[in-house]
């Protein structure tokens, strides 16, 4: 459906396509577009594709006003009867060698274009990842620096560890993707796993990359969407989603023949599962017994038991994480509830 037109056949291939996903964000889209239109016309051939996902407010009208000022902006609308992810429509329309994804609530930093220009012009790597600044629930900003060994890293093993044994690459924000790789491999945003569409896109793209560049340079302020994408799913369903992600990534990691990477990946997923138990404290704070009942069932899950059995505790980096690992292994629902409840109070206060 999407890749009927090969990128080699496009008459005018520009440098960069910025794709902005927007749904009823009239109070944010203007600031996002202002940061994008600061792109220097003299040095970067850029287009900005705004994908309007059935907005019900003045979002489209605001975008059209910006289109009148800057012809590089284009507006496309996802219709009511179209079931695919709206970002795929943006990819289909994109003409750039590189693609940069933004949410309507994001803003590019003032010096972002210098960093982007260098990456685009030099064609540093297939996979380019920047650091970013994120907004917390309380409104405070936090620098999310990539945990790399230097200011800039091109180390393949380090990139793999961040991809498969960490959360550094779990979203498409703050990265440059080569459109040729996306089209050659028919990579699309999927909606099968709640809250994981961006991670799946990045993971599939990463599989097809031969060169990597990661930098502590920050290019955007990212405001994560409010709400819990998995809020309507049971604990068993959420663990199943985690299992699916784990199995998908494990199949890839096996090809690297790297036992250390596999070990760190297992440690990472123990952390993911522990954070899932922790998330339930907030959702079931009104009933100790209800929470313990959920935990009792969860600790019998075959995938949870498998990960806890397979992980090498010596590879778990922190004392707190080791304690949580042992707590889950012992399988005492009451003690698990008490621990994560105390942790929630400490972090809140």
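The values are calculated or read from the model by the stated rules, or taken from the named source; none is laboratory data. Treat the numbers as computed from the prediction; the structure is a model and nothing was measured. Glycine also receives a Cβ, built like all others from the backbone with ideal geometry; neighbour counts cover every protein chain displayed.
Points worth noting:
- Qualifying residues in the range 230-264 (those that are at pLDDT below 90 and farther than 20 Å from residue 303 by Cβ) - the one surrounded by the fewest Cβ atoms within 10 Å (Cβ to Cβ): 232
- Of the set (1) more than 28 Å from residue 93 (Cα to Cα); (2) touching a helix residue (DSSP H, G or I) at 6+ places or on another chain (Cβ under 8 Å); (3) not in a helix (DSSP H, G or I), all apply to residue 172 but (1).
- Any hit, the range 101-112, residues being touching a residue at least 12 places away in the same chain (Cβ under 8 Å), closer than 16 Å to residue 211 by Cα and touching a helix residue (DSSP H, G or I) at 6+ places or on another chain (Cβ under 8 Å): no
- Residue in the range 165-174 that is closer than 23 Å to residue 263 by Cβ and in contact with a strand residue (DSSP E or B) (Cβ under 8 Å, 6 or more places away or on another chain) present: yes
- Residues that are in a helix (DSSP H, G or I), touching a residue at least 60 places away in the same chain (Cβ under 8 Å) and under 30 Å from residue 260 (Cβ atoms), drawn from the range 283-342: 298, 303, 304, 307, 340
- Restricting the range 12-35 to residues that are over 21 Å from the mean Cα position of the chain (by Cα) and over 18 Å from residue 65 (Cα atoms), the residue that is surrounded by the fewest Cβ atoms within 10 Å (Cβ to Cβ): 12
- Residue that is nearest to residue 194 (Cα to Cα) [pool: residues in the range 64-89 that are at pLDDT 95 or above and in a strand (DSSP E or B)]: 75
- Test: residue in the range 104-119 that is in a helix (DSSP H, G or I), closer than 17 Å to residue 179 by Cβ and assigned by TED's automatic domain parsing to the domain that holds residue 27: yes
- Residue 161 vs. criteria more than 30 Å from residue 111 (Cβ to Cβ) and assigned to a helix (DSSP H, G or I): no
- Scanning the range 21-60 for residues that are touching a helix residue (DSSP H, G or I) at 6+ places or on another chain (Cβ under 6 Å) and part of a strand (DSSP E or B) gives 21, 22, 48, 49, 50, 51, 52.
- Check on residue 320, surrounded by 13 or more Cβ atoms within 10 Å (Cβ to Cβ) and farther than 13 Å from residue 277 by Cα: no
- Filter result for residue 308 (modelled with pLDDT under 95, crowded, with 17+ Cβ neighbours inside 10 Å and either at negative phi or outside the structural domain of residue 168 (by TED's automatic domain parsing) (or both)): no
- All positions within the range 202-219 that are surrounded by fewer than 17 Cβ atoms within 10 Å (Cβ to Cβ) and in a loop (DSSP other than H, G, I, E, B): 208, 210, 211
Residues checked against (1) farther than 18 Å from residue 32 by Cβ; (2) modelled with pLDDT of 95 or more; (3) surrounded by fewer than 15 Cβ atoms within 10 Å (Cβ to Cβ):
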| residue | (1), (2), (3) |
| --- | --- |
| 111 | no, no, yes |
| 117 | yes, no, no |
| 124 | yes, no, no |
| 133 | no, no, no |
| 139 | no, no, yes |
| 160 | yes, yes, no |
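- Residue list for the range 273-291, filter: under 20 Å from the mean Cα position of the chain (by Cα) and modelled with pLDDT under 95: 275, 276, 279
- Qualifying residue in the range 191-201 (condition: in a loop (DSSP other than H, G, I, E, B), exposed (fewer than 14 other Cβ atoms within 10 Å of the Cβ) and modelled with pLDDT under 95): yes
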